[in-house]
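*Asks:* I'd like to ask some things about the structure below.
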C-alpha cells in the first residue's frame, strides 16, 4: 500500500492488519468488476450459461464482505485506531458495503439477461446497453485504482464522470419509452432492458459513493452531499 | 625520491635552519620552537586543504603541487581512486541504461516484483497493458491488476503454469502471463500479447466443431437408409457385400466425428471446472468388463493392484473415455493370446493409472508424437484395426484437465506401458470402502 499515513506503528502487526483489509477490499473489488463484465457480456451475447455463472458467483462476493466486515470490527475493538487509521478502517467498511451492492446489481443484470435471452433480440443488438455498461466498468475500474493508489484527484475525476452515465441512462430510458409506445408487444423486453440499465446506473452511484469515501480517507474531509465545487476545493487543500 | 624521504628532508632542513638562526641570534630554544610551531601550522593547513578538496564533488584536478612530500602523494592516490570509481560508476550506469532501454523496447510486458508482490520496475508494454504508471512503483500488483483469475494465479504459486487472461474493455486483448521466480524471493512477471493466436485458435476450434456438427446429420440419414437397404439386399450377390462395407465405413465416420466433437469440447474447458469425487475403482471395473467383451476372449485381461479405496477429484465421463481409450488401444495392438494388465495405485506424490500389454510395441522415435491428432505409427495397420487416430489425443486433453501427465514406455515386440500420473491434491482416500471391499473381495 502506498503509505500516505507516512509513519509506522510500533506494532508491526497492526500495520499489516491495516494493509491486509485494504488489500482484501481490493480483491473483493476485482471480483465485483469481473461479475459486472461477465454479466454485461452475458446480456449482450444472450449467453444463458454465463448468466448462471454470475448468479452462482454472487455468494463469493457476499462471503468476502462478511469476512472483511468481521475483521474491520475486530480491528476497531482491539486496536481502537485513531486519525488516519480509523479513517482507513471506516472507509473499508463502507466501501465493501457498496461493493456488495454493486455485486447484487450485477446479478440483477444477469437475471434480466436470462429473460432477455429468451425473447427476440432488438435490431441494434443491445449496443446502447453495451456502451453504458463499458462506461460503468471503466468507472468502477478507475474508482478501485484510486482506492489502491489512495489518489483523491482521481476519485474526484470519477465523481464527475458519473454525470455522463446518468445522461446516457436517461437517453436509453427515453428510447425504450418511445419503443413501447410504438409497439406494445415489445413492452416486456423494454422493461427488462430498463431494469438492467437501471442496475448499471445504480453501480455508477455506488462507485461515486466509494470515491467520496476515498476523498474522506485521503483528505480527512466529508464530501458527501456537497456540490462539485466544494468537493474540488476539499481535494485541492492539503491536509494539515 | 620517495615521499618519505622528501618529508624527512623537509624536517631536517627546517631543524637545520632553526639551529643555524638560533646560533646566529643566540636564542636557540626560541627559534626551534617557532620553527616547529610554524611547521605544525603548515601541516594543519595542508590537512584542511585536503579535506576541502575531498568535499568538493568534482575531483577534476589535483591541486597543483610540485613538492614531493607525503601530502602530494596522498592527493595523487586519492585522485586515482576517485577517478577509478567514477569510471566504474559511469560504466555501470551506462549498462543499466542500456538494459532499461532495451527492456522497455521489448514487445513483451515485463514487471519485476518483490517478495510481497509489490512492483519494483516495469517496462512500457506492461505499463500499457496493465494500466500501470510511474507512481505505482512500490504498490502491490494485485491491488491494481485485480482480475480474480490473476489473483488466484499469483497466490497459487504454481509458476510452471501459464495464465491466459482476457482483458475486457481493452480491445479484446488476450495476454499469456507467467511468473518466474529469481534471485531468492523476487519474481518476474512476463506477459505476452496472444490476441492474434487466441483469435485464430478460437476460429479453428469453431470451424472443427461446426464442420463436425454439420456432417453428423447427413451421416445419420445415410446410416438409416443403409440399414433398410441391407435388410432387403443382404443376400444379393454383388450389392450385399458392398452395402455392408458402406455401413462399416459410415459407422467409422460417425465415430470419427464423435471423437472430433469431444476433442473440441475438451479443448474449450479449463482444469477444475466440472470436478467431483470419482470412484475410480468402480469405473475401472466397468471399463474392464467392457474391454473383455471387446477382446472377445482373445486376450487375458486382468487388473493388478487396484487400490479400492483410492478416489480421484475429476470428471467421471472424461476419465471414462481416457481410461477406456487406453485399454481398447492395448487390446487392439496386442495379438491374440496376449495379456493386458491395468493398475490403479498410490505412488510418490499422487496416484497413477497404468495399462501394460504384451503387444507389438512402439518404436521409440514415434513415442513423442503419439498424442498428435491422426498420428499413426503404421498407417496400414491402424486403419485395419479401426481406430480413429484421435484416441490418444482425447487422453491427452483429459489428462490436461486433471493436471495429470502421460508417460509411455515401450519395447518393440515385447509390449508397451501407458502411465497416467495424477497430482497429490486430486487424490482422495476412502478408507472404509477399502476395508469393506477387500474383506469381501478376499
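*Asks:* Output the number of residues of the range B:153-172 satisfying the condition of being closer than 26 Å to residue B:425 by Cβ and more than 10 Å from chain A (Cβ to nearest Cβ).
*Replies:* 12
*Asks:* Follow-up. Do you know which residues across the range A:181-197 are buried (at least 16 other Cβ atoms within 10 Å of the Cβ) and either within 14 Å of the chain's Cα centre (by Cα) or over 17 Å from residue A:136 (Cβ atoms) (or both)?
*Replies:* Of everything in the range A:181-197, those that are buried (at least 16 other Cβ atoms within 10 Å of the Cβ) and either within 14 Å of the chain's Cα centre (by Cα) or over 17 Å from residue A:136 (Cβ atoms) (or both) turn out to be A:186, A:189, A:190, A:192.
*Asks:* Counting just the residues of the range B:81-108 that are touching a helix residue (DSSP H, G or I) at 6+ places or on another chain (Cβ under 8 Å) and surrounded by 10 or more Cβ atoms within 10 Å (Cβ to Cβ), which one comes out modelled with the highest pLDDT?
*Replies:* Here the residue is B:108.
*Asks:* Which of the residues belonging to the range B:94-107 are within 32 Å of the chain's Cα centre (by Cα) and without any contact (Cβ under 8 Å) to a residue 60 or more places away in the chain?
*Replies:* Selection gives B:95, B:96, B:97, B:98, B:99, B:100, B:101, B:102, B:103, B:104, B:105, B:106.
*Asks:* Now, a different point. Answer with yes or no whether residue B:283 is modelled with pLDDT of 90 or more and part of a helix (DSSP H, G or I).
*Replies:* It is true that residue B:283 is modelled with pLDDT of 90 or more and part of a helix (DSSP H, G or I).
*Asks:* Tell me which residues, restricted to the range B:295-322, are assigned to a helix (DSSP H, G or I), under 17 Å from residue B:387 (Cβ atoms) and without any contact (Cβ under 8 Å) to a residue 60 or more places away in the chain.
*Replies:* Listed by number, the list holds a single entry, B:295.
*Asks:* Being within 14 Å of another protein chain (Cβ to nearest Cβ) and touching a residue at least 24 places away in the same chain (Cβ under 8 Å) is true for just one of B:130, B:113, B:137. Which residue is that?
*Replies:* Among B:130, B:113, B:137, only B:130 is within 14 Å of another protein chain (Cβ to nearest Cβ) and touching a residue at least 24 places away in the same chain (Cβ under 8 Å).
*Asks:* If I filter the range A:108-116 for residues that are at pLDDT 90 or above, farther than 19 Å from residue A:54 by Cβ, more than 14 Å from every other protein chain (Cβ to nearest Cβ) and under 15 Å from the mean Cα position of the chain (by Cα), do I get at least one hit?
*Replies:* No, the conditions are met nowhere in the range A:108-116.
*Asks:* Report, by residue number, each residue of the range B:331-347 that is over 17 Å from residue B:428 (Cβ atoms) and either outside any helix (DSSP H, G or I) or out of contact with any helix residue (DSSP H, G or I) (no Cβ under 8 Å at 6 or more places or on another chain) (or both).
*Replies:* B:333, B:334, B:335, B:336, B:337, B:338, B:339, B:340, B:341, B:342, B:343
Quick grid of which residues meet (1) exposed (fewer than 13 other Cβ atoms within 10 Å of the Cβ); (2) at pLDDT 85 or above; (3) assigned by TED's automatic domain parsing to the domain that holds residue B:72; (4) under 26 Å from residue B:81 (Cα atoms):
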position	(1), (2), (3), (4)
B:7	no, no, yes, yes
B:13	yes, yes, yes, no
B:25	yes, no, yes, no
B:31	no, no, yes, no
B:34	no, yes, yes, no
B:38	yes, yes, yes, no
B:45	yes, yes, yes, yes
B:51	yes, yes, yes, yes
B:59	no, no, yes, yes
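*Asks:* Considering only the range B:291-310, I want to know if a residue exists there that is under 21 Å from residue B:427 (Cβ atoms) and under 30 Å from the mean Cα position of the chain (by Cα).
*Replies:* Within the range B:291-310, one or more residues are under 21 Å from residue B:427 (Cβ atoms) and under 30 Å from the mean Cα position of the chain (by Cα).
Here's the yes/no breakdown for (1) surrounded by 13 or more Cβ atoms within 10 Å (Cβ to Cβ); (2) within 30 Å of residue B:161 (Cβ to Cβ):
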position: B:221; (1), (2): no, no
position: B:234; (1), (2): no, no
position: B:250; (1), (2): yes, no
position: B:263; (1), (2): yes, yes
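*Asks:* Select from the range A:36-55 the residues that are crowded, with 23+ Cβ neighbours inside 10 Å and more than 9 Å from chain B (Cβ to nearest Cβ) and list them in ascending order.
*Replies:* A:36, A:39, A:42, A:43, A:51, A:54
*Asks:* So, one more: Being closer than 16 Å to residue A:198 by Cβ and either buried (at least 19 other Cβ atoms within 10 Å of the Cβ) or within 14 Å of chain B (Cβ to nearest Cβ) (or both) is the filter here, so list the residues in the range A:140-166 that pass it.
*Replies:* A:162, A:165, listed by residue number.
*Asks:* Against the condition under 23 Å from residue B:422 (Cβ atoms), surrounded by fewer than 18 Cβ atoms within 10 Å (Cβ to Cβ) and assigned by TED's automatic domain parsing to the domain that holds residue B:407, how does residue B:317 come out, does it pass?
*Replies:* Against the criterion (under 23 Å from residue B:422 (Cβ atoms), surrounded by fewer than 18 Cβ atoms within 10 Å (Cβ to Cβ) and assigned by TED's automatic domain parsing to the domain that holds residue B:407), residue B:317 qualifies.
The values are calculated or read from the model by the stated rules, or taken from the named source; none is laboratory data. Everything numeric in this text was worked out from a predicted model, so none of it was measured. Here the Cβ is made from the backbone with ideal geometry for all residues, glycine too, and neighbour counts use every protein chain on show.
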